[in-house]
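Sharing a structure with you now.
The values are calculated or read from the model by the stated rules, or taken from the named source; none is laboratory data. These numbers were taken from a predicted model, which means no experiment stands behind them. Neighbour counts run over all protein chains shown; Cβ positions are idealised from the backbone, glycine included.
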Amino acid sequence: MILVTGATGGIGRRVVRLLRQQEKSVRAFVRLSSRYSELEHRGAEIFIGDLRQDKDIQQACKGVDYIISTHGSGSDALSLDYRANIELIDQAKASGVKHFVLISVLGADRGYEDAPVFKAKRAVEKYLEASGVNYTILRPSGLASNLLPLAERFRETGLYLLIGDPKNRTSIVSTDDLAKIAVDSLTVEGARNQTLAVGGPEILTRGDIPQIFGRIFNKQPIVINAPLFAIDGLRSALGLFNPQTQQALGTYRTLLANEFFCTKEEITNLEKIFNFKLETLENFVRRYLAV
Ligand SMILES: NC(=O)c1ccc[n+]([C@@H]2O[C@H](COP(=O)([O-])OP(=O)(O)OC[C@H]3O[C@@H](n4cnc5c(N)ncnc54)[C@H](OP(=O)(O)O)[C@@H]3O)[C@@H](O)[C@H]2O)c1
């Protein structure tokens, strides 16, 4: 039995689909409010719970052989990115789970002080590495699926909002490729006890993205380039009445202010370990938006 957390999210949903295509037994950890009927139709066992509750995690881990942790936190990094993963690892250790796959984030090891998600991910990575449980830690850069709503808006309007430096580099990864890598990590020998950066096959600048959309939709991009201090202003205002959201914006600001890309060597290594060619952002968007 394979437990997937964040099973209704961008990565988790794809992980469950792949596992069910392979006819594997899957337990999908979902919230009552989640949109999980597709997973149920595909034959996943639905476990309804809340990852903030240790007893729900303990219950969900019963009889599980593998765990793929893909959940995200929104604004509660402490409860979800940190505590829930620590509890999952403790349960994995106690019940002799064979392999644990953790979705972390590219740059988790760079010591960004103002980014709670990055700090939580790094602490969990270290805990997992020291746990004695077989693991694969995947550190993705930005996910291509996050760009689909922006691509759809671009198709309608030709507009693209770019916050921060357009020259910052990124390697957007196909969310389908990331899901495949997460699933294959359970069995591929070269992935065992490895921490792997995961990106797309090309290093892009953030300014390349509207150009790619322009090519796909045959439209001249109108790029609105907002400066980073727009986020700073918003953070200061929010801090007055919502400190948690202010902290979450720290993670968002870190993502916008820095470069997140994989080196050519990291990508070559990834393609070698998992024995397939990674998909470009352009291909991903064309596939999903049928253009
Ligand atoms: N998005 C990116 O560009 C990016 C880049 C690098 C790394 N990552 C990492 O990748 C992982 C997944 O990202 P994603 O974009 O796929 O996330 P996502 O689409 O936002 O999905 C988050 C998932 O976590 C679930 N969840 C949230 N709170 C929960 C709770 N209290 N109890 C149970 N489930 C809960 C959500 O359930 P509901 O459906 O009920 O909301 C959803 O299934 C995260 O760990 C994120 O840090 C993301």
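Could you please find all residues in the stretch 235-284 being in a helix (DSSP H, G or I) and among the aromatic types (Phe, Trp, Tyr)?
Tyr252, Phe274, Phe284, listed by residue number.
Something else: Return yes when Ile222 is touching a helix residue (DSSP H, G or I) at 6+ places or on another chain (Cβ under 6 Å), among the β-branched types (Val, Ile, Thr) and at pLDDT 95 or above and no when it is not.
Values: touching a helix residue (DSSP H, G or I) at 6+ places or on another chain (Cβ under 6 Å): no; among the β-branched types (Val, Ile, Thr): yes; at pLDDT 95 or above: yes.
Judged against the criteria, Ile222 is not a match.
Mind checking which residues of the stretch 31-71 are small (Gly, Ala, Ser) and within 15 Å of Glu125 (Cα to Cα)? First the steps, then the outcome.
Step one: filter the stretch 31-71 for residues small (Gly, Ala, Ser), giving 33-34, 37, 43-44, 49, 60, 63, 69.
Selection gives Ser69 alone.
On to the next question. Across the stretch 64-89, what is the number of residues that are farther than 24 Å from Leu19 by Cα, touching a Ser or Thr at 6+ places or on another chain (Cβ under 9 Å) and either surrounded by fewer than 20 Cβ atoms within 10 Å (Cβ to Cβ) or among the β-branched types (Val, Ile, Thr) (or both)?
Number satisfying all stated conditions: 2.
How many of the residues in the stretch 166-192 are farther than 24 Å from Ala230 by Cα, within 16 Å of the ligand (Cβ to nearest atom) and among the charged types (D, E, K, R)?
3
Still on this model: Test each condition in (1) surrounded by fewer than 18 Cβ atoms within 10 Å (Cβ to Cβ); (2) outside any loop (DSSP other than H, G, I, E, B) for Gln220 and report the one that comes out false.
With (1) surrounded by fewer than 18 Cβ atoms within 10 Å (Cβ to Cβ); (2) outside any loop (DSSP other than H, G, I, E, B) applied to Gln220, the lone miss is (2).
Sticking with this one: Under the condition of being touching a residue at least 60 places away in the same chain (Cβ under 8 Å) and of a type in the set (Phe, Trp, Tyr), which residue from the stretch 177-231 is nearest to Ser145 (Cα to Cα)?
Phe213
Could you say which residue among Val97, Val15 is buried (at least 21 other Cβ atoms within 10 Å of the Cβ) and either touching a Leu at 6+ places or on another chain (Cβ under 7 Å) or closer than 30 Å to Leu256 by Cα (or both)?
Working: Val97 fails: either touching a Leu at 6+ places or on another chain (Cβ under 7 Å) or closer than 30 Å to Leu256 by Cα (or both).
Only one candidate qualifies: Val15.
Is there any pair with a first residue in the stretch 18-31 that is in contact (Cβ under 8 Å) with a residue 40 or more places away in the chain and a second that is of a type in the set (Lys, Arg) and more than 16 Å from the ligand (Cβ to nearest atom) whose Cβ atoms are under 9 Å apart and which are 6 or more apart or on different chains, and what are they?
Listed pairs, sorted by first residue: Leu18/Lys24.
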